[in-house]
1. Would you pick out the residues in the range 112-125 that are at pLDDT 95 or above and either over 40 Å from the mean Cα position of the chain (by Cα) or under 16 Å from residue 92 (Cα atoms) (or both)?
2. Got a number for residues in the range 126-154 being within 39 Å of the chain's Cα centre (by Cα), more than 28 Å from residue 322 (Cβ to Cβ) and hydroxyl-bearing (Ser, Thr, Tyr)?
3. So which of 246, 290 is surrounded by fewer than 19 Cβ atoms within 10 Å (Cβ to Cβ), more than 20 Å from the chain's Cα centre (by Cα) and at pLDDT below 95?
4. Across the range 294-332, what is the number of residues that are in contact (Cβ under 8 Å) with a residue 40 or more places away in the chain, part of a strand (DSSP E or B) and surrounded by 13 or more Cβ atoms within 10 Å (Cβ to Cβ)?
5. Which of the helices (runs of 4 or more DSSP H) contained wholly in the range 456-541 include at least 2 residues that are farther than 30 Å from residue 589 by Cβ and aliphatic (A, V, I, L, M)?
6. Specify the residue that is nearest to the chain's Cα centre (by Cα); the eligible residues are those in the range 740-756 that are surrounded by 17 or more Cβ atoms within 10 Å (Cβ to Cβ) and within 13 Å of residue 361 (Cα to Cα).
7. If you check residue 666 against the conditions, is it surrounded by fewer than 19 Cβ atoms within 10 Å (Cβ to Cβ) and in contact with a Cys (Cβ under 8 Å, 6 or more places away or on another chain)?
8. Condition first: part of a loop (DSSP other than H, G, I, E, B) and touching a strand residue (DSSP E or B) at 6+ places or on another chain (Cβ under 9 Å). Now tell me which residues in the range 396-410 satisfy that.
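The values are calculated or read from the model by the stated rules, or taken from the named source; none is laboratory data. In this text the structure is predicted, and so the values were computed from the model without any measurement. Here the Cβ positions follow ideal geometry from the backbone for every residue, glycine too, while neighbour counts run over all protein chains shown.
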Amino acid sequence: MPEISPLPEISRRNALQIAGAAAIAPAAAVAPALASSPARASTAQTTTAQTTAAQTITAPITIEADGIVLTAGTDGSITVGDGADRIKLTHFMIKDSVLGQQRTFGGTPSLITVDGRQAIQIAYVMSASAQAVTVRGIFTVAARRARLRWEVSGTTTLTPSGYMFARTLLAPSAPERYVPATKWTRDARGGVPYEINDGALYQETWSDTQAYFRLAKTTPGFTNASWIHAPAGADGATEVELVLGAMRPAAANALGAGAPLSVDVWSEQPFGLYGTAAPMALKAQVVNGAAVQRQVTLTWWARDFDGKQVGGGTLNKTLAPGAVWDESFTVAGAPQGIVFTEVKAVAGTDEVFARTNLATLKDHAYQSEGRFGIANYTWMLVPDKAAVGQLMKKIGVKSVRIAYDGAPGLSPAELDALGIPHNVQLGGVIFNGTPEQIATWADEKAAIARASGARYFEVANELNQPWMSGQKAAEYVRDGLKPIHDRLSGSGIKLMNCGLGGMDVNWTANFHKAGGWPLIDVFAFHPGRGNFTPDYAPPPSEWQQGENGTYWNFLGALREARRTVDAHGGGKELWLTEAYACTRPNRWWNDNHRQAAENVLLTLALALSEGVDGVNWYQPHDSTIHHPQEADPNNAEYHFGLMNRDTSVKAALLAFATATRTLEGARFVKWMTFQDNQVKGLRFDKFAILWTRKDGYHQNADHGPDQWYPHKEAWVDHWPTKTRLTVAAKGTNVHVVDCIGRETWVPVKNGKAALTLDGAPRIYYGLC
């Protein structure tokens, strides 16, 4: 345990130039405006870093290091600056199961040392109702950084997960931005690399610099204009690193976390998506977070969808402590396609890497109407609303499942300006509520739907849980659907039942029995899919329940929904208000990135073959609305997007665009038959989609008893069996388009073309 030493009297400013950006410096300059007060004993609690007795000073105290100055006011506030005042830290808020939320009201500053380093201590004042609580703040500095620590004691009923601190930004040039911090890692067992959370940042911006509050954990939904959510760590104290300087968030996070080496990779082009054949720029930034100069080796590569290396190299540079190394690489773009990139930095025994994707997508003139859209909100507006809106248009989004004023994402007016129709899905049905409660709920939801300009109102979501139990169908009709129906009758807004989780035949039967069918215009459900190809179609009698059961199949569920709609009549539309291709890494139940791209195309083609009126793809981005751009490799909910966590496109996004462009306006003709019944085909009026099932309908079928499975990289072909098929064709070439829109041509000789098929669906133009 470090020795506690008395604090010497300070009579002048001792400015210290702090070298090194990764670790807290051993000393900092201290500049009290008045330093004649004698040192006195303090009852400060013992922390991980031992402190001295405090020296009371009656005027502001200043401590500083290279690029940062902290000044404690007599009111207990801390002003952070770098030559200009940037931030004022004013209060701390605790949460207690008995006392509730309690904040500080000023405090007394004093000068202390922490492990031999000079620091500011604030002994905060609590309200009369929280006098049993003691809060103190300890603030230290290093080069371009401050460590902010708040310790709470005095009661046994504290709720440390609810702590917050108040900050006031002084003349910022942009709003505060929450930026999750992640890092890439690999599983020792193999499979694909993936991201994990590595802290969280709140980015503050001025015209000439930036600052970042770095926390190990926070919930951005709890943060507001006054308070940042800052839960305590395992020791019961809240610690925050504040990093100043014009740098990327990843560099700030590395410095704040004390990482000895870090690397960041990105594209300045929104979504890493370029126009056809455009040169694509890959940016990289390496930070030497060590306290010593080091030789750093940077290696990078870029591979296309076939695994061909289309760029790469190795560079070396000597980096001083805290130094930043920026590089830019150019990769040639294909007419349409995707490039997977990795940048690795090595210094001594430290090795880090990062990945992102670059892609090219041709322009396309879409028709005004279409069947394919997005679920739920367009909630992640990164880099901005305009870019997200233009991307939705570029990939053929013709409906957004949820949009109303006050909802996340693009508003109805903004979607109208883009020419993208929109609907609403609203829940909160009050089962067995009083007539007054149900009426109030229905009035509110019906008013939102009317005001939004929605074409369709999906009344609640997946209320058929537990799956196949048949529960709550009658209550749903009575307390939810009928009140909405009565209020929107004659409005022109079409009603959907709550989108069912899976094709729940038992709930649907009870729904029909309860009189729900005449109240809807659209039957809606969500055909979840496990490790089955989309064309796997077991009948309901063979469906198995459970987390990994065959209940979660696509085509079998869709055919049963089609049968149900046709059997019950009434001219109802059929919508898939959520459709999926989850890419949770290294799980046999979920798609790898190549499988997902193939399955997006086949899913949408099969939907059209069954006469579906609308499909909303779930969802634009990885991560979740409550944890935007955070990483969780174990939670499937974080991996349903058409874009990665960093907003770079997945191959699945190119597949979605390929499907919308191909299927828009297409008319399904028939399932094609071949002498080999493992060759499959969908005939449309102007093209066909062909594939085989020689390798079966189960993906990752060689998995073991646990959930883990080593996914293949996106550029690795996972279909071992290739089938030659000679077909009748016209013209001089058959035009072939793969799942991400890449084009090839097969020559036609004597009216025949020799095709090579496997489990990946491809689009063929020119077949007879």
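1. 112, 120, 121, 122, 123, 124, 125
2. 2
3. 246
4. The number of residues fulfilling the criteria is 15.
5. Here the list reads 482-488.
6. Only one residue tops the list, namely 740.
7. Here the answer is no, as residue 666 does not meet what is asked.
8. Matches in the range 396-410: 396, 397, 398, 399, 401, 402, 403, 404, 407, 409, 410.
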